[in-house]
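Let me begin by presenting the structure, written as structure tokens, before commenting on it.
The values are calculated or read from the model by the stated rules, or taken from the named source; none is laboratory data. Keep in mind that what you see is a predicted model, and the values were worked out from it rather than measured. Note: ideal-geometry Cβ built from the backbone for every residue, glycine included; neighbour counts use all protein chains shown.
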Amino acid sequence: MSDIPLASRLEGLTIENWKVVKKRIKTIDDQSGAFSSGYEVQNIKDGRFGFMKAMNYDYAFKVLKPGKTSTDFMQELTENYNYEKELLELCKEKRMSRIVTAIGHGEYRPPSEIIPVPYLIFEIADGNLQKVKSKKDLTLAWKLGVIHGFLVGLSQLHRQRIVHQDVKPSNVLIFGHNVSKLSDLGNATRYDKKSPMWHRDCHCGDLSYAPIELLYSYYSPNWDTRRLGADLFMAGGIITYLITDSDFLSLLSSNLPDIYKPHSFGGTFEDVKPHIMQAYYKTIDEIKERIDISIRKELIEIISQLTHPIPEERGLPIGKGFYTSLPQYSLNRYISIIDRLSKKYEMTKT
Amino acid sequence: MNNLQEDSRKHVIPKWLEYRKAVGTRELVVPRKIHFEINAATKESIKTDIEEFKENPTSEMACRLMGAGIIIGDNQLSHNMAAFIADRGGVDTLSIKLADKILNVAHNAEPVSEVDVRISKLRKWLLEYHRSAIGWIELSRAFTIKGQKEKAKRAAMIALQLAPHDRYIVRCGVRLFLHLNDFDRAFYYVNKASKDHFDPWIKATEINVAIISERKLPDMKKFLPRNISHNELFDFSELFESSGSLELDAGNDKKARKQFRLAWENPSDNVITHAEWVLRNRLPGMRESTVLKFDRSLEATTWIKYYELKIDEAMSTAREWELEEPYSTYPFNVGSCIASNAGRPELGVDIAKRGLLINPDDVGLYNNLCYALLRAGDVPGASKHISRLKIKDGTDRDIFHQATLGLYAFRKNNVDEGRQFYLEAITRFKQKGKPDLQASALLNYALAEVEARTPEYPEIANRSLKVTEGLKDPNVILLRKQLQDKLNPLQQI
């Protein structure tokens, strides 16, 4: 038996109908997660390419936390894998066009190995938003198209009471010119069937994109506020990123006086609210200046509503001189506006 | 001239610094007790991105990592990435601005604007962001500096409604209401803030407002912890200082000293200011054994320099103090007094006028202005304001007015009337058992006699100098010097 974990040496093998072409060095471009390896694969029947996420249990055991048995850990990883697989199947079943769904899955275990390698195969993209953005000189029309795409994807998840919880530029994949889809449901959870990794209410994916309240350990007891609100904040973060090259949370944190920054402030979220609000207004004011005048008013309204630092006030400002039959955290209105802005912008440019 | 050792300074009152300065002080700090934890997903994501950046350094990735550094508190990471962005550019202006801010490039600093410009900017800001509590309290401060009290009050009340428990907002609001002598309102807001949760800074303010407004005081023991670490002492220093002050007023000097020692172990800037007042006015015996960084307080430093008779330094510190607390009459009062006593009445006039721009109804400042104008020989100038000096109810203020009216009468050649005012003031200070003030009044009287060249001036002046010999009060020392300087050439003739 080799010292190198099986999941790390799949290159050249053919698993089911997939030929493992090339191992990917872990980059922001894949969605392989902490305990997995990524490969480029090709279907031997129809020739299409895909991305394989192979669970690396061996590696996971090496970083086993003290106090946790390997059996428990193995069970936990398997549960997580199965949960993600089920979510992906549901997305496929519900025809979520803007979610990167699995095109294959299975478990590989040659007779000589004890530990199996469960895997998922995804459609392959031209790159993620972060990578594509650094390569191209992008127009506003392109950006609006990308915003529209990932918002639709998020809305498709929300309609099924699934929340993504790790919406960030590297999880927005670009297909073709500007078809954007949301990927990596590794941190996602469902309202009626909680992800096994969601044993803590404050769990989220990458904290450097997380909604501000979680950084102060505040989480609403209401699922919609806590979970849908978190997705909305992160979505606002991506729109900001497309305009300013910086994420909303980074800009917001930079406008907070040092003493109130999450890593130094010891009070509660309630205590820090007036200062976060001040930083929020300042951030919105700064972003506003960077938006094309033709769509400034509408787009800044969207960003400000999605990124409102108080989760209870995030989303549609229902009851504040604004009437709609839509729920507070619905993305439909934003999608319509972006669609309209996109057309409006095209018209002003022609 | 006013009494500089005002009793109103015996309370521990928060300063109202502008927001950007206030957040730089330790007063608003709420330190983390538990280390800020970053989850595995974040660590992994940042690690991957750093590796990617090393392979292929781009400004876009630098932006991402600069932001991550800010959020997780990795200053080195955000600084390195900011330097890369500043060097390479190629990203949006806002990200470049952020990089500059991290690198402390000066053009990001908001310029200090005139108060009118500031008001206009704040109004515009609040029109858009009307729920900004910080914006409202800043507007209130700007209105206070302009002397627009009602507007200041309204703005502060909105701020307090938006953030009724915030330490900064509550203490600023209370400072305003005390400034406006609206003690009930000050107590209402501070009491409301401290009702639901205990904050030693707000509690200390509440106790001082209760003392000022003569309300029933809560049992201090309930709020003063017995075993307290050096770091925690900072947060409780105002409470211990207030407790010491109460004990002192109750005549329990021993207990007061104990509480003061605790407060002075790790004091806030306000405690330092107050400690200087205590050491100067109430417990001078403790000065030798007390080690405090008085330079942390502009008010304390002004006094220390003045007592050391370093007049230029005292004046320049008083000017800084004016700028730090422009809403307060006190730095203007002290500055104009020092200037006039040091024989620079023209400067005293300027300072008093600056103070009156902000506090146009402050009678104390009018008294200083009249005194400085009269000392500078501008009798018509003093005539414009002298009617504001009223003698009403026998308070200390009345006695100062009396003395200034005495000088005015002398300058108008009504020597008998002037003498009458002065002698009455001197007698009343004597009756009140205030030897330093009595001496100051006596020396001022002698100066007036000398300047009027009355037949009695040699005797009065020499007697005044003799009687006041050995007194350590800087007002007395400076007035004696002025008198001596006026007398010497006359005696040589």
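Just wondering, is there one or more residues in segment A:217-240 that are among the hydroxyl-bearing types (Ser, Thr, Tyr), outside any helix (DSSP H, G or I) and at pLDDT 95 or above?
For segment A:217-240, residues among the hydroxyl-bearing types (Ser, Thr, Tyr), outside any helix (DSSP H, G or I) and at pLDDT 95 or above: absent.
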Practice task
Taking the options A:Lys282, A:Lys261, A:Lys273, A:Lys288, name whichever one is within 13 Å of chain B (Cβ to nearest Cβ), modelled with pLDDT of 95 or more and surrounded by fewer than 18 Cβ atoms within 10 Å (Cβ to Cβ).
Solution key: A:Lys288
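May I ask you to verify whether A:Lys92 is in the same structural domain as A:Pro196 (by TED's automatic domain parsing) and of a type in the set (D, E, K, R)? Can you show your working first?
Details: in the same structural domain as A:Pro196 (by TED's automatic domain parsing): no; of a type in the set (D, E, K, R): yes.
The answer is no for A:Lys92.
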Completion exercise
When segment B:39-64 is checked residue by residue, the ones that are surrounded by fewer than 20 Cβ atoms within 10 Å (Cβ to Cβ) and aliphatic (A, V, I, L, M) are B:Ala40, B:Ile50
Fill in the blank from the handout: For B:Asn75, the lone unmet condition from (1) more than 7 Å from chain A (Cβ to nearest Cβ); (2) within 43 Å of the chain's Cα centre (by Cα); (3) within 18 Å of A:Gly205 (Cβ to Cβ); (4) not aliphatic (A, V, I, L, M) is (3)
Exercise for the section: Could you pull out the residue among B:Ala403, B:Ala461, B:Ala448, B:Ala441 that is more than 34 Å from the chain's Cα centre (by Cα), surrounded by 15 or more Cβ atoms within 10 Å (Cβ to Cβ) and assigned to a helix (DSSP H, G or I)? Expected result: B:Ala461
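If we scan segment B:53-63, do we find a residue that is within 30 Å of B:Ser328 (Cα to Cα), within 9 Å of chain A (Cβ to nearest Cβ) and at pLDDT 95 or above?
Of the residues in segment B:53-63, the ones within 30 Å of B:Ser328 (Cα to Cα) are none.
Looking through segment B:53-63, none of the residues is within 30 Å of B:Ser328 (Cα to Cα), within 9 Å of chain A (Cβ to nearest Cβ) and at pLDDT 95 or above.
Report yes if B:Asn181 is part of a loop (DSSP other than H, G, I, E, B), at pLDDT below 95, within 21 Å of the chain's Cα centre (by Cα) and farther than 30 Å from A:Lys288 by Cβ, otherwise no.
Numbers: part of a loop (DSSP other than H, G, I, E, B): yes; at pLDDT below 95: yes; within 21 Å of the chain's Cα centre (by Cα): yes; farther than 30 Å from A:Lys288 by Cβ: yes.
Criteria met by B:Asn181.
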Practice task
Would you check if A:Ile115 is at pLDDT 90 or above, in contact with a helix residue (DSSP H, G or I) (Cβ under 8 Å, 6 or more places away or on another chain) and either of a type in the set (A, V, I, L, M) or not in a strand (DSSP E or B) (or both)?
Solution key: no
Fill in the blank from the handout: Selection from segment A:205-216 of residues under 15 Å from A:Tyr280 (Cβ atoms) and in a helix (DSSP H, G or I) yields A:Ile212, A:Glu213, A:Leu215
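Out of the residues in segment B:155-188 that are among the β-branched types (Val, Ile, Thr) and in the same structural domain as B:Asp235 (by TED's automatic domain parsing), state the one that is nearest to B:Ser120 (Cα to Cα).
Applying the first criterion (among the β-branched types (Val, Ile, Thr)) to segment B:155-188 yields B:158, B:169-170, B:174.
Narrowing the set further to residues that are in the same structural domain as B:Asp235 (by TED's automatic domain parsing) leaves B:169-170, B:174.
On the way: B:Ile169: 21, B:Val170: 24, B:Val174: 24 Å.
Top of the filtered list is B:Ile169.
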Handout entry: Filtered residues of segment A:319-350 (kept if of a type in the set (Phe, Trp, Tyr) and surrounded by fewer than 13 Cβ atoms within 10 Å (Cβ to Cβ))
Key = A:Phe322, A:Tyr323
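When residues of segment B:305-334 are filtered for being closer than 16 Å to B:Val476 by Cα and in a helix (DSSP H, G or I), how many remain? Step through it out loud before you land on a result.
Here is the first cut: in segment B:305-334, the residues closer than 16 Å to B:Val476 by Cα are B:305-311, B:334.
Going one step further and asking which of them are in a helix (DSSP H, G or I), we end up with B:305-307, B:311, B:334.
Selection size over segment B:305-334: 5.
Does B:Arg123 meet the test of being more than 10 Å from every other protein chain (Cβ to nearest Cβ) and not small (Gly, Ala, Ser)?
Working: more than 10 Å from every other protein chain (Cβ to nearest Cβ): yes; not small (Gly, Ala, Ser): yes.
For B:Arg123, the condition - more than 10 Å from every other protein chain (Cβ to nearest Cβ) and not small (Gly, Ala, Ser) - is met.
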Handout entry: Hits in segment A:275-300 - residues which are part of a loop (DSSP other than H, G, I, E, B), within 26 Å of the chain's Cα centre (by Cα) and hydroxyl-bearing (Ser, Thr, Tyr)
Key = none
Exercise for the section: May I ask you to list pairs of residues, at least six apart or on different chains, whose Cβ atoms are under 7 Å apart, with the first in segment A:240-253 being more than 7 Å from chain B (Cβ to nearest Cβ) and the second being surrounded by fewer than 24 Cβ atoms within 10 Å (Cβ to Cβ) and of a type in the set (Gly, Ala, Ser)? Expected result: A:Leu252/A:Ala279
Problem - Subset tally (residues that are closer than 14 Å to B:Val467 by Cα and either crowded, with 20+ Cβ neighbours inside 10 Å or not assigned by TED's automatic domain parsing to the domain that holds B:Asp485 (or both)) for segment B:413-438 - result: 3
Exercise for the section: Would you please list the contacts, defined by Cβ atoms under 7 Å and residues six or more apart or on different chains, that run from a residue in segment A:66-80 that is among the hydrophobic types (A, V, I, L, M, F, W, C) to a residue that is at pLDDT 75 or above? Expected result: A:Met74/A:Tyr57; A:Leu77/A:Met55; A:Leu77/A:Tyr57
Completion exercise
With the first residue restricted to segment A:123-139 and required to be buried (at least 22 other Cβ atoms within 10 Å of the Cβ), and the second required to be in a loop (DSSP other than H, G, I, E, B), Cβ contacts under 6 Å at 6 or more apart or on different chains are A:Asn128/A:Asp29; A:Gln130/A:Ile28; A:Lys131/A:Asp29
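Which one of these is in contact (Cβ under 8 Å) with a residue 60 or more places away in the chain, part of a helix (DSSP H, G or I), of a type in the set (A, V, I, L, M, F, W, C) and surrounded by fewer than 22 Cβ atoms within 10 Å (Cβ to Cβ): B:Leu478, B:Leu487?
Values: B:Leu487 fails: in contact (Cβ under 8 Å) with a residue 60 or more places away in the chain.
On inspection, the qualifying residue turns out to be B:Leu478.
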